[in-house]
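Undergrad: Before I ask anything, here is the structure I am working with.
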Amino acid sequence: MSSLRTCARAAIRIQKLTSVIYTGERGIKRWVAPTLRVINKRKAKLGPQPEPRRSNFLDWNYNAEIFAFNKRLSENFDVELLQQAFTHRSYVAQEEQKQREVGIENPELSIKDNTDLIVEGKCLTSEIVERYLRQALPRLPEEGILKLKDYLLSEEIVAKVSVQIGTKDIILSEDHPVRQETLVNTFFALVAALARSNDVVHTSFFVRDFLIATLSDKEILSIWTPSHPFQTLDAILNREKRGSADFRLTAQTGVNTILAAYQVAVYSDQQFLGIGTGETVQVAKNIAALDALQRMFGIADFSRPIPFNLTVDVSSQRTENLPLTKWCTENLKHTVGG
Amino acid sequence: MGNVSSKNFVPRSRKFVRRNQKSFFQHKHDRKYLTSIMSAVKRAQQWATFARTWHLFDATWQNPFDSAQVIIKHLMGLHKPIYHPMNDCGDHVVVMNSRDIALPGDEWRKRVYFHHTTYPGGASWTLAWELHNKNPTLVIKKAVYNGMDGNLQRRHTMQRLHVFPDDKIPEEILKNISNQIRYLRPVPTRLDHISPEEVENYPKIVDYPKQYILR
Amino acid sequence: MVFQSLTLFARSRGPDEFWRKRKIFKLAAHFVGRKRNCYSIAIRYVHRALRYATMSRKLKKADMLNLWNTRLTAACAEHDINLRTFKEALMRNNILIDRKTLVDLAIWEPRSFKSLTQLAIARGKQDGLNDVMYVKTPPGVITRGMLK
């Protein structure tokens, strides 16, 4: 049978020579599966391999990547500054070491590293974030603003943002795979480079759109919670010259079970302030106080979401939000301006 | 097994646990901020949403089969917009006065409960009034049990039903209750519960003639 | 074996058995026992699973509709209106929201859902729908009759 098939195939080949019609192959060639099997076996034998560097691939074109980075973000980085922002000190040192190994006594490289950009960018980012948060959340106490800033500038968050705007493969650094710290530093360097290429206002848009916008789906109370809600609420009510907080049990069920639920609402001068539920009365009171505070600070679920279209003015005078110890509606009018 | 020296022998399970613990902590440490942490307020909201409410149902003069439908609704959580068959959101129902249920028509005499002991000749048929005399909670319990689909959840749902033959509900259960299910039909007043004076003075359409003998 | 032409006869070796079987094994990866490792058994169970999947695509829609109806009935009962009247009144108000969205509103935005039920009750009372005859007219709903 097989010899018959061979003959038939030969006959078709001869036909093919004469006709121009090309019939494509169907299916996967018979050699593919066994070859892949052998390759996989060899790979397994080698054990885990280091992650390949994208820049070591044949088709790598650094200049094209830099150009694309600029275009992808619709930014207007100065290309030299952009390259400098991606070049870390460790990379320059490594290059110099390479030259020394070759035998050059005093290697002179015309590559600039991003050490000063990092320092500059870190200050600038911190400034922009702080001012933006104050402007976007005018009712949030200063303690909350600082905690939110710490959260936004934490290594995990900035590193994640940095990876997501596509810095990972373009970074010129000794460490591979790139460490979180390097990713963070690169982001700061980029901010400084943008400030030098354009202006600070434009830079603040960059920080707003990529870093601050990560707050959009976050619950602010999970990042910052006032440490003593009872005392804080009482102090605020005292300052506002309202009656002290009055907690009332509004509902309870299954009190003799482990799934007991108590609902406590807090009032002041018969005005509703907040409501909370918990497995004990004490927990529920605590939550009610927290709820009252989050309603006052404008960070509750139903409050206006954080606006992400503001412009911050870094040159203007610094005005801090009210700290918790001074927070009250009257003082708020003076700072926010009515 | 005799060759295994006790010195080198480490129980497999303990090894396994230790390895798992290590990876768990590494994971927690690595992701400090990236895991979303629930705030206390959100946790409280969750607690409130899934709180189990305790309902009271007074079975006096109620049809147990109609009542069962309402009780089932509360036991399974069908009265909540968050209901889902896999979602454990059912409530507790305390039924009181199950001795005073009212079966429709001549159901007390005609309704038969079947039981089989699985031994040959082990079948038995009990009339509703007999069953009620033996245990005054069983008619309503069976009505609820048979009103639900037969699935693995049914027996667990039944655990949330507490039936009492009269109004003597234990104190610790009474404290849990926070809601009452409205009766399905108003409880009628019985003639022998009305005072004789009131009956005497009630306006009548006709007076019986003097000679008429009341039997 | 029947071949209609010489070309078809030559081609008849078919695709590589390995890839053909791999397709099936991939679908059987989550099965238990020999169903996942032995081809002749796996193919039978994969065919059955695919048949179930095909049927379930229709069943899922019915299941979801059932669930939405159950949930909506509960949500409407909380506001003293039944589902039929609610849907009818919404249609008459030209509020075209499907059941899925209504359920989402009932769970996540109970206040929005409540206002919808109030609108429905007001409309029902205005049009004389039986179910809402004895329900109080909710405050805050402005109808065309009021504007006259």
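Since every read-out is calculated from the coordinates, none of them should be taken as a lab result. If you're wondering where the values come from, they're calculated on a predicted model, not measured in any experiment. All Cβ positions, even for glycine, are placed from backbone atoms using ideal geometry, and neighbour counts span all protein chains on display.
Undergrad: Any idea what the relative contact order of the range A:270-327 is, in percent, if you count C-alpha pairs under 8 Å spaced at least 6 apart?
TA: 21
Undergrad: List the chymotrypsin sites (Phe, Trp or Tyr not before Pro) within the range A:23-64 that DSSP assigns to loop and that have no more than 12 neighbouring Cβ atoms inside 10 Å.
TA: Passing both the DSSP loop test and the Cβ count: A:Trp31, A:Phe57, A:Trp60.
Undergrad: May I pose another question? Once label points are set 7 Å from the Cα along Cα→Cβ at both C:Ile97 and A:Asn198, what is their separation, rounded to one decimal in nm?
TA: Taking the two extended label points, one gets 4.0 nm.
Undergrad: Next question. Per residue, how big is the convex hull of the range A:222-297 when only Cα atoms are used? Give it in Å³.
TA: In the range A:222-297, the Cα convex hull volume per residue is 85 Å³.
Undergrad: Once phi is turned into θ = phi - 60°, what whole-Hz ³J(HN,Hα) does the Karplus curve with 6.51, -1.76 and 1.60 give for every residue of the range B:121-134, x standing for Gly and Pro?
TA: So the Karplus estimates, Gly and Pro as x, are x, x, 6, 9, 10, 10, 6, 4, 5, 5, 4, 5, 5, 6 Hz.
Undergrad: Also, quick follow-up: In what order do B:Ser39, A:Ser154, A:Ser110, B:Ser195 fall by count of nearby beta-carbon atoms within 10 Å, going from fewest to most?
TA: Ordered from fewest to most neighbouring Cβ atoms within 10 Å, B:Ser39, A:Ser154, A:Ser110, B:Ser195 come out as A:Ser110, B:Ser195, A:Ser154, B:Ser39.
Undergrad: May I pose another question? Amide H neighbours of B:Asn179 under 5 Å, counting only residues 5+ apart in sequence or on other chains, H built in-plane at 1.01 Å?
TA: Amide H neighbours of B:Asn179: B:Trp54, B:Leu56.
Undergrad: Then there is this: Mind running the shape call on the protein assembly as shown? Use the C-alpha gyration tensor, a ≥ b ≥ c as the square roots of the eigenvalues: rounded below 1.5 for a/c, prolate if a/b tops b/c, oblate otherwise.
TA: In terms of gyration-tensor shape, oblate.
Undergrad: Still on this structure, I have one more. Sort the range B:99-189 into rounded, prolate or oblate with this rule: let a ≥ b ≥ c be the square roots of the eigenvalues of the Cα gyration tensor; rounded if a/c is under 1.5, and if a/c is not under 1.5, prolate when a/b is larger than b/c, oblate otherwise.
TA: oblate
Undergrad: How much of the pair distance distribution for the range A:90-217 lies past 22 Å, counting alpha-carbon pairs only, in percent?
TA: For the range A:90-217, the share of Cα pairs beyond 22 Å comes to 43 percent.
Undergrad: Pairs of lysines 8 or more apart, or on different chains, with alpha carbons under 20 Å: count those in chain C, would you?
TA: Step by step, the pairs that qualify in chain C add up to 16.
Undergrad: Let me ask something else about it. How big is D, in µm² s⁻¹, for the range C:79-147 by Stokes-Einstein at 4 °C and 1.567 mPa s if Rh is the Kirkwood radius over C-alpha pairs?
TA: Value of D from the Cα-based Kirkwood radius: 106 µm²/s.
Undergrad: Additional query: Through the Karplus equation 6.51 cos²θ - 1.76 cosθ + 1.60, θ set to phi - 60°, convert the phi angles of the range A:306-314 into ³J(HN,Hα) values in whole Hz; use x for Gly and Pro.
TA: Values, residue by residue: 4, x, 10, 10, 8, 10, 9, 10, 6 Hz.
Undergrad: A further question on this structure: What ratio of Cα Rg to 2.2 N^0.38 Å holds for chain A?
TA: After normalising by residue count via 2.2 N^0.38 Å, the value is 1.56.
Undergrad: Here's something else I'd like to know. Sum -39500 (n - 2.57) across every DSSP H segment of at least 4 residues in chain A, then divide by the residue count to get the 222 nm mean residue ellipticity, nearest 500.
TA: Calculated mean residue ellipticity at 222 nm is -16500 deg cm²/dmol.
Undergrad: Also: Karplus couplings for the range B:79-95 from phi (6.51 cos²θ - 1.76 cosθ + 1.60, θ = phi - 60°), rounded to Hz, Gly and Pro as x?
TA: Ordered by residue, 3J(HN,Hα) equals 8, 10, x, 8, 4, 8, x, 8, 9, 7, 10, x, 9, 8, 10, 9, 9 Hz.
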